[in-house]
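Rule-based calculations on the coordinates, nothing more; no lab input. Since the model is a prediction, treat every value here as computed from it, not as a measurement. For neighbour counting, all protein chains shown are included, and Cβ atoms are generated from backbone atoms with ideal geometry for every residue, glycine included.
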Amino acid sequence: MVFVNNRDFLFTPVMDYTIPAEKVAHVQIGNNAEHALLVLTKTGYSAIPVLDAKYHLKGLIGIGMITDSILGLERIEYEQLADLKVNTIMQTDLPTIKTTDRFQKALDLLINHTFLCVIEEDGKFAGIMTRREVLKEFKKYIYTSF
Ligand code: AMP
C-alpha cells in the first residue's frame, strides 16, 4: 500500500485490505451445528460466514451462538447438535461493506467488530476485512512514513 499523503488511505478501495473469499473458512446454510462447531474448533476462529449455494452471504455463526442454542436447564445438550441447522441459530443482523465502499466506512465499523464481511452489489460474498490486517497496514504505514 502506498499512501501519497496522510489522508489518502481513507479513500482507498476496501478490496485492497480484503482477505479473498477463497481463503475464508465458511459453512453452508444447510449445514448442521455439529459441522459448524467442527469447522470453528479446527480453524480456531470465533465466528465464520454462512453462505448459500450461490455463495451469497446469509449470516455469521460463532461458537457462542452454538453453545447458547444447546444450553439446557442443567447441562449442555450436545446430542442436539446434529439436528440443529445453522440457519436457525446464526446471526443475521451483521454489518457488511461493499466491494465498492471506501476504507473510511470499514474503519468506522472495525472499531466495534473484529472483522467485516465484504459483499458484491448482488450480495455475493467477496471476503472479509479483519481488524488485524488493517492494524498491520497501519503499522507499516506509520513505520515507513515517520
Ligand atoms: P484475526 O484478526 O486474524 O484474529 O481474526 C479475527 C476473526 O476474524 C477470527 O476470529 C474469525 O472470526 C475471522 N477470520 C479471520 N480470518 C479468517 C479466515 N481466513 N476465515 C474465516 N474467518 C476468519
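Tabulated data for the structure shown
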read-out	value
C-alpha long axis of helix 33-43 to longest principal axis of the chain, angle in °	40
Residue-averaged [θ]222 nm for the chain, counting only DSSP H segments that reach four residues, each worth -39500 (n - 2.57)	-8500 deg cm²/dmol
Extension gain from GLU133 to THR41, taking 0.36 nm per residue of separation minus the Cα-Cα distance	30.9 nm
Relative contact order of the chain, defined on C-alpha pairs under 8 angstrom at six or more residues apart (%)	28
Estimated inter-spin distance, LEU10 and GLU22, nm [label 7 Å along Cα→Cβ]	3.5
